[in-house]
Amino acid sequence: LVELHDSHTHAHRPERTELIAARANEKIPGRDRTRADVEVLPDGVVYLRFDYFDRERIAWLERELKKHAQAPGVIIDLRHNTGGLIVSAQRAVGLFFKKRVAMGVVRERNGRQTTERSRGAGRYFGPMAVLVGPDSHSSAEVFAYVMQEHGRAIVLGRTTAGEVLGSRRFRLPDGGHLQLSISDYHRLDGKRIEGEGVQPDVVVTTIASRGDGMLAQDPALVSAVQVLGGKQAVAMR
């Protein structure tokens, strides 16, 4: 499987399948899919972190953006976001635009191509920044790319994982499963993100120390606040 250079194709034994299911509900620091944090930073900038794209997390994001619609800036932290459902990424993108925007092209194995677009109504139109890194995967990478492509946000941090293939899970006769890639995601200019990742606008290589999320101990977060304070991030017109 390694020879395929395919980030989303995996085969798991039955016991591994059970372990994956069990861990889905565990609260592992930095890897808890249910995590959703909000903090109002100095000068009113709102920091939002969530680690998975699904219906519950995007509903939470929408509520927070509605609550802080007049904030002078918003920071979306995706540095530990493992990805998730593409439809959730579409809805997340839609929260920051006044109209639907193109997000990229999905190419399936049979050759069919579809241009993905954002969904839903916008909730926040002020300046924003997005934090990413090597632990930003899949839908998190798509979200960061779209914000960058449309000039909607400044992306800061380190290059993302480069793992954006669409996949399905197939159950095997012994109780294990095969996760198999069925589609590829391309930028609007035709270039791939798979294996390349999303390059940040502002590179911050220093990793946050213990207490991740605390402004004084997080260089990327400090940089994001400075960017927003300098009004370099673009508000939606």
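The values are calculated or read from the model by the stated rules, or taken from the named source; none is laboratory data. Owing to the predicted nature of the structure, the values given are computational and were not obtained by experimental measurement. FYI the Cβ positions are ideal-geometry reconstructions off the backbone, even for glycines, and counts take in every protein chain you see. Ligands, DNA and RNA are stripped out before the accessible areas are found, and what is left, the full protein with its side chains, is counted by its heavy atoms. Shrake-Rupley method; radii C 1.70, N 1.55, O 1.52, S 1.80 Å.
What does the extension gain come out to for Glu3 and Leu172, with contour length at 0.36 nm per residue minus their alpha carbon separation?
Net length gain for the segment: 58.7 nm.
Using a 1.4 Å probe over the heavy atoms of the protein chains, calculate the carbon and sulfur portion of the accessible area of the range 29-173 as a whole percent.
46
Just to confirm a number: summing +1 for Lys and Arg and -1 for Asp and Glu over residues other than Arg192 whose beta-carbon lies under 12 angstrom from that of Arg192, what do you get?
With Lys, Arg at +1 and Asp, Glu at -1, the net is -3.
Which order do the peptides 66-79, 178-191 take when ranked by the mean count of other beta-carbon atoms within 10 Å per residue, highest first?
66-79, 178-191
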